[in-house]
Amino acid sequence: MKTVIRTICACAAASALLLGASSDGFAEHEKKKKVRKVRTSSACSAGASSSLARYKIEKGEVLPASIPKALTKKPGNAERGLETAVNPGKGNCLACHHIAKVLAKADKSDEKSLKLYGNHGEVGAPLNGVGARYSKAELRMIVVDPKKAFPDVTTVMPAYHARTASKDVKRACRGRVMLSAQSVEDIVSFLEELK
Ligand code: HEC
């Protein structure tokens, strides 16, 4: 309980400082400290993970690359996969793809539900029917590293389970993967059911 009170007090004091309520030297010092703290705590996205699963890439049936073996021992969960896919801090797949099954979940009378399930982008193809177009091994390849799944195009789709050392990636995300191996398996199970 004590800690809770202290945390609340510290927050209130810090926000007063940030608002410039006091301008003596100490306040300035505290203000700088606070700003620095905010900057360094800008964490990587909610779904990011620091462990990369080992996987073997093989030739697919339709695509030049596929990952036949699951990344985890625990099987994927399609329901959880849907939620991870739509979560803006995790898969954020709706930013680029239309998915009819997700749209059907949107409750028009509920603003929150409509915001989460109802906004679909058009950068990528609609994902309706991908479970029939690709094998599970190919769907896994697409989510893990679409650059290997579609080598002929410079795809804008991000690699969700491949490390990138790119300078474009913010510092907190370097050496991390966008989604854990389990989240990838969940999304693959969700995609497999889109037939
Ligand atoms: C920044 C946009 C973007 C995001 C975000 C994105 N994709 Fe894609 N995706 C694409 C594009 C573009 C393609 C088509 C490949 C190409 O030509 O670049 C594609 C292709 C695919 C395909 C193959 C579709 C087909 O019919 O051939 C699947 C499956 C897929 N994406 C799944 C996902 C999933 C699942 C997520 C979220 C975890 C996701 N994508 C997030 C842009 C995106």
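The values are calculated or read from the model by the stated rules, or taken from the named source; none is laboratory data. This is a predicted model, so every value here is computed, not measured. A quick note on method: Cβ atoms are made from the backbone with ideal geometry, for glycine too, and the neighbour counts reach across all protein chains shown.
Would you confirm, using the coordinates I've provided, whether Leu63 is closer than 19 Å to Ser189 by Cα, at pLDDT 95 or above and part of a helix (DSSP H, G or I)? The answer is no for Leu63.
Can you say whether Lys167 is more than 23 Å from Leu82 (Cα to Cα), in the same structural domain as Cys96 (by TED's automatic domain parsing) and surrounded by 17 or more Cβ atoms within 10 Å (Cβ to Cβ), as far as the supplied structure shows?
Numbers: more than 23 Å from Leu82 (Cα to Cα): yes; in the same structural domain as Cys96 (by TED's automatic domain parsing): yes; surrounded by 17 or more Cβ atoms within 10 Å (Cβ to Cβ): no.
So Lys167 fails the test.
Counting the residues of the stretch 66-104 that are within 21 Å of Val156 (Cα to Cα), part of a loop (DSSP other than H, G, I, E, B) and within 13 Å of the ligand (Cβ to nearest atom) gives 10. Look at (1) touching a Phe, Trp or Tyr at 6+ places or on another chain (Cβ under 6 Å); (2) modelled with pLDDT under 95 and you find that Val102 fails only one, number (2). Against the definition (under 24 Å from Glu58 (Cβ atoms) and more than 10 Å from the ligand (Cβ to nearest atom)), how does Lys167 come out, yes or no? Answer is no for this residue.
Contact map, the stretch 118-142: residues that are closer than 21 Å to Glu58 by Cβ paired with residues that are buried (at least 16 other Cβ atoms within 10 Å of the Cβ) and among the hydroxyl-bearing types (Ser, Thr, Tyr), Cβ distance under 6 Å, separation 6+ or inter-chain. Pairs shown: Ala137/Ser66; Glu138/Ser66; Met141/Ser66.
Would you check which residues across the stretch 105-157 are among the aliphatic types (A, V, I, L, M), more than 8 Å from the ligand (Cβ to nearest atom) and in contact with a helix residue (DSSP H, G or I) (Cβ under 8 Å, 6 or more places away or on another chain) and list them? Give the steps one after another, and end with the answer.
If we filter the stretch 105-157 for residues that are among the aliphatic types (A, V, I, L, M), which is where we start, we get 106, 114, 116, 123, 125, 127, 130, 132, 137, 139, 141-144, 149, 153, 156-157.
With more than 8 Å from the ligand (Cβ to nearest atom) added as a condition, the list becomes 106, 114, 116, 132, 137, 141, 144.
Scanning the stretch 105-157 gives Ala106, Leu116, Met141, Val144.
On inspection, Leu179 fails the criterion of being of a type outside the set (Asp, Glu), within 13 Å of the ligand (Cβ to nearest atom), over 17 Å from the mean Cα position of the chain (by Cα) and in a loop (DSSP other than H, G, I, E, B).
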